[in-house]
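Chemist: Would you mind keeping the following structure in view while I ask a few things?
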Amino acid sequence: MSATITPTPRPVAPIGNALTSGQLPRYVEWYVLGASLALSAVILLLMGFNIAGWLVLTAVIYLIALGILSSVVENRRKATDRVIRGLVTVAFLLALAPLISTLITVVSNGIGSISWDFITQTSGSVFDPDTLEVTTKVGAWQAIVGTLIITGIAALISIPIGILTAIYLVEYAQPKQWMARTVTFLVDVMTGIPSIVAGLFAFSLFSLIVGPKAFSGFSASVALSVLMIPIVVRSCEEMLRLVPGDLREASFALGVSKFSTITKIVLPTAIAGIVTGVMLAIARVIGETAPIFMAASFTDNFNANPFEGPMQTLPVMAYTGYKFPGQDIAASNASAWGAALLLVILVVILNLIARVVARVFAPKGSR
Amino acid sequence: MVILAGVALFLIIQAIPAIMADWPSNSDLNEGPTAGYANFWTYVGPLIWGTLFSAAIALVIGAPIAIGIALFISHYAPRRLAGILGYLVDLLAAVPSIVFGLWGIIVIRPFLLPLSDWLNTYLGWIPLFGGQVSTTGSTILAGGVVLAVMILPIITSISREIFLQTPRLHEEAALALGATKWEMIKMAVFPYGRSGVISATLLGLGRALGETMAIALIISPAILVSVRMLTEGENSQTIAANIALNFPIATTLQREALIGTGLLLFVISLVVNMLARVIAGRAGAGAKRKRSKMMAQLPPSDPSTVLAVDDVLARKAAAGHTEGADVAEPEIDAEEADAGVSGPFVADDRPADSTEKRQGDDA
C-alpha cells in the first residue's frame, strides 16, 4: 500500500505583500461615498425627502462609515487621516454652498426687475393730469450715477495717497525707523475700522463744517476713502516689495536718480499688481452700504452734484427698498433685488477687469 | 496717518454732549429710540453685549470651517484646482454685505427654522436654545450664520497663506518619518501657523463686530441682554445695526448718542485688531524661543557622543526589525546597523547642503 503522499499544501492565496497588505483599495472613498448617498436617500425617502438633509446625512454617514472601515482594515492613525480628509473636504463644500446659493438667489430675484427702463429711468411718481392717476416709475438710474460718482471721488482721493504711502514705506523708509513702523501699524489697524464708524466720522466731520443736515455725496466719498486707503496701501506695498532689488541696483549703478528709478523702473514693473489691487479695493468699497447710508442718506431724486443734497446709491437702494419700503411693498422689494443684482454685476465686472489687467500688464520677460 | 486720529477725535467731539447729558430729564433724549434709559451706559451696555454675542456666534461657526477650507486648498486639493478654488473663496469676499443681508432674509431664515425647532425641543434646557421659538426666523442665530459666511473668506485667505508658507523640509521630514497626512499637518503645519491662524481669527472677529447691514436686515432686535439665540423678541441688538436703523429718524442729540455708541464700537474693534497684530508680531519671538529650546535638546556635537547615540539608535532599530518580521535575514540588520552608524556623516552633510540651497534661493 503506497502511502498517499500528502503534498505540503500549496499556499492558496499569494503571500501578502508587506507593502500593500492592510490597505483599503484605491477608490474606496468613492465607493463609500456612493453607498452613503444611496443609504441616506433610502432613509430620507422613508422620512420625507429634502436635498439639504440628504447631503448632510450623506456626509455624516460617509465620515462614520469610512472611519469604521478604515480602523478595522487599516489602523487607527490611517482612519483618523481619512476622516480628517473627509471633514476638510466637507468644510470646503460647505463654503461653496452659500456662494452658489447667494448668486442664484440674487440672479433669480433680480432678473425680473432688470430691464432697459430700470437702468435708464429715474424712479419717482408721475402725475398724469388727464386721468388723475399717479403712477410710480421704478428706476435705478439715479442710484447708478450716484454709485459711480461717489466711488469715483473716493478712488480719486485714496489712490494717490495710498500709492504714495506705499512708495514711501518700501523705497524711502528704513524698516527699523519709528516713522515707518508707526505708519505700518496704523495702516494695519485702519484696515479693521468698522465701515459704519467711517460713515459716522464723515457725517460728524461734515456736520461740523457745513452744519446739520450735512448729507452729500462728497462726504460719502470721504467715508469710503477712509476704508479704501489702507487696502490700497497694503496691496501696493506687497507689489512694490516684489520688485527685484537687482533692478533698482542696476538702475542706481547707471547713475539714475532715486526719483527716476522709482518712476521709470519700479512702478512700471509693479503696475499690473498695483492696478489689480486698486480694482479689488474699488470692488470692495463699492458694495459698502452703511457709510454711504450715513453720509449721503437716500433719495429718489436724480442728483449728480456730489457737494449738495442727498445722493442715492445702489447698495443703499437695496437696503431702503427692503427695510423702508414704499406704499407698494412688492415693487420696492423688486427694485431692491434689481439694485442688488446690478451691484453684483458691477463687482464681478471690476473683478474680471482686475484679472485681465493683471494678465495684460504683466511685466514682459518674467515668464 | 492723521485720518485715524481724526476719526477718533471727531467721534469724541460729537459724542460728548450725549454722554454727558442727563438722560431722564432731557426732553430730546426722552422720546424715540433712546427713551427710558437712566444714562448713556445703560443704553449702550446691552448693545455691546449684542455685538459681542453675535460676533461670537459667527466665530464659533465660521472659524473651524474657514480653517478647514484653508487646509483643503493648501494641502488637499489638487494643485491645479487650488488656484481656482482660492479665487472662488475670494469671490465670496467681494460679494457686497447688503447682498448677503438680502440673501439671509430669504434663504437662511427659512432654512434655519427646522433646525431651531429641533434644537429648542431637544436642547431647550440649555439657556442658549431656550425660550419661545421664533416663527419668522429673524433670530440672532440667523444673523450669526450670515456673519459667519461673511468672515469665512478673511480667515481662509490669511490662514491659507500661512499654511502655504510652512517650510517644505518640515513637511517632507514628517512624511518621511511615516506620518500620515493628518499627522504631518498636526505636527508640522499647525505649530508653524498657529499664531497666524489666531490673528486671522481675530481679524475675522473685527470684521464681524463692525458688520452692519446683514444684522440690521435679518434680526428683529430688542435692546436687552439675552443669551437666547432662537427667540423672536429677545435678540440683543448690535451697535452697528442699531445706528443704521435709528440714524435716519433720530434728532440731533439722539444722533450724538448714536455716535457715542459708534465710538465704543470703534474702540472695541481697535482693541481686537491691535491684539491680532500683537499676536502676529509675537509669533516671531515665540517661534524663536521654541527653536532655541529645540537646539538645546539636540545631542551635543561632540563626535564620540554622537557615535554613541547613533549606536544605541541602530541597536534599537535592529531589535525592532527582528521583532517585526519573523524571517528577517541577519545581513539586512547588519546593513541597517551600518547605515545607522554612518548616520553622523549623513547628518554632517545635510546642514551644509541645506545652507547651500538656501543661499541659492536667496541669490
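The values are calculated or read from the model by the stated rules, or taken from the named source; none is laboratory data. This is a predicted model, so every value here is computed, not measured. Because the Cβ atoms are built from the backbone with ideal geometry, glycine has one as well, and the counts that use them run over all protein chains shown. Note: accessible area is taken over every heavy atom of the protein model, side chains too, but ligands, DNA and RNA are not part of it. Shrake-Rupley method; radii C 1.70, N 1.55, O 1.52, S 1.80 Å.
Chemist: Considering only region A:229-249, state which residues are touching an Asp or Glu at 6+ places or on another chain (Cβ under 9 Å) and either open to solvent by less than 10 Å² (accessible area, probe 1.4 Å) or under 22 Å from B:A240 (Cα atoms) (or both).
Modeler: Hits for region A:229-249 are A:P230, A:L240.
Chemist: While we're looking at this one, here's another question. Would you call A:Q327 in a loop (DSSP other than H, G, I, E, B), buried (at least 24 other Cβ atoms within 10 Å of the Cβ), polar (S, T, N, Q) and at pLDDT below 80?
Modeler: In short, no.
Chemist: Tell me which residues, restricted to region B:75-114, are more than 10 Å from chain A (Cβ to nearest Cβ) and open to solvent by 10 Å² or more (accessible area, probe 1.4 Å).
Modeler: Within region B:75-114, B:P78, B:R79, B:R80, B:L81, B:A82, B:G83, B:I84, B:R109, B:P110, B:L112, B:L113 qualify.
Chemist: I would also like to ask the following. If a residue must be open to solvent by 10 Å² or more (accessible area, probe 1.4 Å) and touching a residue at least 60 places away in the same chain (Cβ under 8 Å), how many such residues does region B:42-55 contain?
Modeler: Going through region B:42-55 one residue at a time, the tally reaches 6.
Chemist: Just to be sure before I move on: is A:T105 more than 18 Å from A:V32 (Cα to Cα) and either touching a Phe, Trp or Tyr at 6+ places or on another chain (Cβ under 7 Å) or modelled with pLDDT under 80 (or both) in the structure I sent?
Modeler: yes
Chemist: Would you confirm whether any residue within region A:178-194 is open to solvent by 10 Å² or more (accessible area, probe 1.4 Å) and within 15 Å of A:A296 (Cβ to Cβ)?
Modeler: no
Chemist: Follow-up. Which one is least open to solvent (accessible area, probe 1.4 Å), of the residues in region A:79-95 that are more than 7 Å from every other protein chain (Cβ to nearest Cβ) and among the aliphatic types (A, V, I, L, M)?
Modeler: A:A79
Chemist: Here's a follow-up. What about A:G192, is it small (G, A, S) and under 30 Å from B:R277 (Cβ atoms)?
Modeler: yes
Chemist: If you don't mind, there's one more thing I want to ask. Do we find a residue being within 23 Å of A:T276 (Cβ to Cβ) and among the basic types (K, R) anywhere in region A:228-239?
Modeler: Yes - at least one qualifying residue is present in region A:228-239.
Conditions tested, residue by residue: (1) under 21 Å from B:H75 (Cα atoms); (2) part of a helix (DSSP H, G or I); (3) at pLDDT below 75.
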| residue | (1), (2), (3) |
| --- | --- |
| A:P11 | no, no, yes |
| A:A59 | yes, yes, no |
| A:I64 | no, yes, no |
| A:V72 | no, yes, no |
| A:A95 | yes, yes, no |
| A:L99 | no, yes, no |
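Chemist: Right, something else. Return the only residue of A:S204, A:S158 being touching a helix residue (DSSP H, G or I) at 6+ places or on another chain (Cβ under 7 Å) and touching a residue at least 12 places away in the same chain (Cβ under 8 Å).
Modeler: Only one candidate qualifies: A:S158.
Chemist: Now, a different point. Can you tell me how many residues within region B:252-267 are facing chain A (nearest Cβ under 9 Å) and surrounded by fewer than 20 Cβ atoms within 10 Å (Cβ to Cβ)?
Modeler: Residues in region B:252-267 being facing chain A (nearest Cβ under 9 Å) and surrounded by fewer than 20 Cβ atoms within 10 Å (Cβ to Cβ): 1 in total.
Chemist: Does region B:118-135 include one or more residues that are modelled with pLDDT of 75 or more, of a type outside the set (D, E, K, R) and closer than 19 Å to B:Q237 by Cβ?
Modeler: Within region B:118-135 (the criterion being modelled with pLDDT of 75 or more, of a type outside the set (D, E, K, R) and closer than 19 Å to B:Q237 by Cβ), the answer is no, since none of the residues qualifies.
Chemist: Here's a follow-up. On the given criteria, is A:V275 touching a residue at least 12 places away in the same chain (Cβ under 8 Å) and within 23 Å of B:P96 (Cα to Cα)?
Modeler: Here the answer is yes, as A:V275 does meet what is asked.
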